[in-house]
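To start, the structure itself, in structure tokens.
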């Protein structure tokens, strides 16, 4: 069989999906002629006003973030087996500034400074955390014989380095259990940096996860993974330089590792219901399932003996996303708030400290109650008030523009807009219930962006006149409008450099003003691509075999279906039988009516080709470790019928463009 574009025909979609899942960000950024600009006078004034509005005198978060530091806060530089730097906190030394940096919103600078505090921290007796060595935190509970690990980070390399840090200061003990709090990759894909598959198979280590974990861990980014990957570059500012005019934080933590080595080990124990208890290494754990909140498979849990409550990512020191800007299914704000209230009722009276999947702990019953209740209230308020206004006829954009949290909620630092914003979450609630359409027939079937933009520019008198008026608006500080109107010029005339550069200048000022690290990254990355074009990664993106093994054949075949080029498939009918000999699974994969479908548990009597292959070998082909032709020649793959039909089918599958245009057409 032929290989499309010299790579395995099935591996491409997995590479893209897993790239989105773990956001590998080892890129080459060249120095560019157009450098970032300074803050304008208006931006400086707005940022100064923030300094005067919010309670910067409150230093409790700084006390909490530094409390219990075991190791000196030395620079964290972590390298992989090839010597590449995968984590480097020295890049954020600019945040050690004594005063405000005029190109950073002061509130975001405060959050970024707090997230800069890194090391091994003692939370309470037998409870430790390592923070600031990855986007997420790793929790370490000391059991009777060894360590219970909560959330082993994003990368094998960072997880290994963090565990070594713990061994150096707490002593070398065996790991007796690993708990995955939820299905997002920054909380599990470093697992093989601390334990091995053999440790789990022999029963030395338990792996505990919420119900549905394996499915959700690998499926959330598969079908739309390519689009999510591209948007994630904007969200996390992967290609932005670290600095006062670049990426300063991710809101939840500093960033993701710059090179990610992913892994996955299947759970040995699943939490099936709230109230379920598991005792591990002498430590009793009470679980609360919270599906559909920050992740599809999710749970909080409580350690009664240690009077410690872990809230995963359901509560963190920022307003969280109800719809992540990189793209995902919308989260249920009402359910999210309800589960926090439930945790408050179940565990607050029995807790002296609450620890989180990102950011720092909170100590004391009164402060725990304040934190949980006001985070829950923030999501409930956004939910309820969005629907109140929607039922009065306000559109999604109108609601987002006017909705604000009441002062009792907004003045809490942990409810500020460092990750999500109130307006963004209001739009998510509106979409959750009503969809993107605002009910206005004029918006029911608008022209697509390029066609509409050409009309806009024509009606406004041409690009030169629009640029003249936009320049005047920029000088007045109307950056939102400048970015919006010049988007039409850029889409109508993508070669218009003046338009691209002025739009970039407007986006840059919006980034400098943004309290949200996510919004800042989107604005600044958009400005960078308008000025310099798209920077593509060097090297290959290879999917980890561990994660490929967790994909079901249904997921693989469904992902092939969304890559099928329907117009090219017109009039074609192809049927392929698949038999996985080691798992005794059978599938029919068939093309008809320009649609690719599959049926589990059956074989067709009229198949064009029937293939027999071991599932473990199939996984290696998908992971790019081998090829179908090579294994056929070795006699490891058997087939009957016309193998050309399989090649014909695969030729109909599009390879997604991983670096498609966003700020230009």
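The values are calculated or read from the model by the stated rules, or taken from the named source; none is laboratory data. All values reported here derive from a predicted model rather than from experimental measurement. FYI the Cβ positions are ideal-geometry reconstructions off the backbone, even for glycines, and counts take in every protein chain you see.
Conditions tested, residue by residue: (1) closer than 17 Å to residue 421 by Cα; (2) buried (at least 19 other Cβ atoms within 10 Å of the Cβ).
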position: 278; (1), (2): no, no
position: 288; (1), (2): no, yes
position: 298; (1), (2): no, yes
position: 310; (1), (2): no, yes
position: 317; (1), (2): yes, yes
position: 333; (1), (2): yes, yes
position: 340; (1), (2): no, yes
position: 349; (1), (2): no, no
position: 359; (1), (2): no, yes
Please give the number of the condition residue 296 fails out of (1) in contact (Cβ under 8 Å) with a residue 40 or more places away in the chain; (2) in contact with a helix residue (DSSP H, G or I) (Cβ under 6 Å, 6 or more places away or on another chain); (3) in a strand (DSSP E or B).
-> (3)
Using the structure shown, decide if residue 372 is part of a helix (DSSP H, G or I) and closer than 15 Å to residue 422 by Cα.
-> no
In region 216-244, residues that are closer than 26 Å to residue 79 by Cα and either assigned to a loop (DSSP other than H, G, I, E, B) or over 15 Å from the mean Cα position of the chain (by Cα) (or both) total 8
Mind listing whichever residues of region 72-95 are within 28 Å of residue 124 (Cα to Cα) and loosely packed, with under 15 Cβ neighbours inside 10 Å?
-> 72, 73, 74, 75, 77
So which residues in region 522-534 are touching a helix residue (DSSP H, G or I) at 6+ places or on another chain (Cβ under 6 Å) and in contact (Cβ under 8 Å) with a residue 24 or more places away in the chain?
-> 522, 524, 525, 526, 527, 530, 531
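Give 434, 447, 465 a once-over and let me know the one that is touching a helix residue (DSSP H, G or I) at 6+ places or on another chain (Cβ under 8 Å), without any contact (Cβ under 8 Å) to a residue 12 or more places away in the chain and more than 23 Å from residue 316 (Cβ to Cβ).
Going through 434, 447, 465 in turn, the sole match is 447.
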Per the filter on region 36-66, residues within 16 Å of residue 113 (Cβ to Cβ) and outside any helix (DSSP H, G or I) are 54, 55, 56, 57, 58, 59
In region 603-635, the residues that are in contact (Cβ under 8 Å) with a residue 12 or more places away in the chain, over 16 Å from residue 574 (Cα atoms) and loosely packed, with under 13 Cβ neighbours inside 10 Å = 616
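Within region 153-195, can you find the residues that are outside any helix (DSSP H, G or I) and either outside the structural domain of residue 359 (by TED's automatic domain parsing) or free of Cβ contacts under 8 Å to residues at least 12 places away in the same chain (or both)? Lay out the reasoning, then the answer.
Restricting attention to region 153-195, the residues satisfying the condition of being outside any helix (DSSP H, G or I) are 153-155, 171-184, 188-190, 194-195.
The answer is 171, 172.
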Restricted to region 174-208, and to residues that are in contact with a strand residue (DSSP E or B) (Cβ under 8 Å, 6 or more places away or on another chain) and over 12 Å from residue 149 (Cα atoms), which residue is surrounded by the most Cβ atoms within 10 Å (Cβ to Cβ)?
-> 182
Number of positions in region 636-665 that are more than 36 Å from the chain's Cα centre (by Cα), surrounded by 14 or more Cβ atoms within 10 Å (Cβ to Cβ) and part of a helix (DSSP H, G or I) | 2
Counting only helices (runs of 4 or more DSSP H) wholly inside region 450-545, the ones holding at least 3 residues that are more than 29 Å from the chain's Cα centre (by Cα), modelled with pLDDT of 95 or more and over 22 Å from residue 232 (Cα atoms) are 463-475, 479-492, 497-513
